[in-house]
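The values are calculated or read from the model by the stated rules, or taken from the named source; none is laboratory data. As the structure is a prediction and not an experimental result, all values here were calculated from the model. Every residue, glycine among them, receives a Cβ derived from its backbone with ideal geometry; neighbour counts consider all protein chains shown.
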């Protein structure tokens, strides 16, 4: 079902106000949602759409995709700088935009596979992605380029969607004390401002032993 003309007009107006990188994320999400037959109509006049041949190859697993992205990121594949001046100090390079769009795609895929995929593999995929964010926050400037000071917050992860999926995988694969420690560290690092909500999400998926370990954290946090 399509939106009403007034809705579409509002959407178009909002899209025109977005920064350059945000439409890239939207385009990649749209490409993943529409049927393959509709891709030429959606993207054909901007990018080349290859018609699949008779030969078929297995798609890479989520973990393989994340491992490749992690390796490429750490090797500087997305690092692209530019001369910064007063006019472009709020802009991002194409490499940074590409990194953020691919990060968004892979986090979304982790969330989707958290209930259906092998839990250890999805957990590892999440943690590889989180490791890239920590690398940025440690002040390394070899992964992506920010014209001004940047941090993992600029990658724009929707933690209220990502953390519940990650915590489900973690609850299935971690001992009680490790579960509580990792949950605490992740929330503190990435979303401490929303701690109560995220701790409640972790509590919901935890075993009784894991819940006890989360409760034991409380005195140390006061």
Checklist entry - Do you know which of the residues in segment 49-88 that are within 15 Å of residue 144 (Cα to Cα) and modelled with pLDDT under 85 is surrounded by the most Cβ atoms within 10 Å (Cβ to Cβ)? => result 80
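Here is a yes/no grid of residues against (1) touching a strand residue (DSSP E or B) at 6+ places or on another chain (Cβ under 8 Å); (2) surrounded by 13 or more Cβ atoms within 10 Å (Cβ to Cβ); (3) not assigned by TED's automatic domain parsing to the domain that holds residue 75:
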| position | (1), (2), (3) |
| --- | --- |
| 117 | no, yes, no |
| 141 | no, no, no |
| 166 | no, yes, yes |
| 171 | no, yes, yes |
| 194 | no, yes, yes |
| 197 | no, yes, yes |
| 214 | no, yes, yes |
Checklist entry - Considering only helices (runs of 4 or more DSSP H) fully contained in segment 114-222, which possess at least 1 residues that are within 26 Å of residue 100 (Cα to Cα)? => result 119-137, 159-173, 176-191, 195-205
Checklist entry - Looking only at residues in segment 89-116 that are over 17 Å from the mean Cα position of the chain (by Cα) and over 24 Å from residue 205 (Cα atoms), which one is modelled with the lowest pLDDT? => result 89
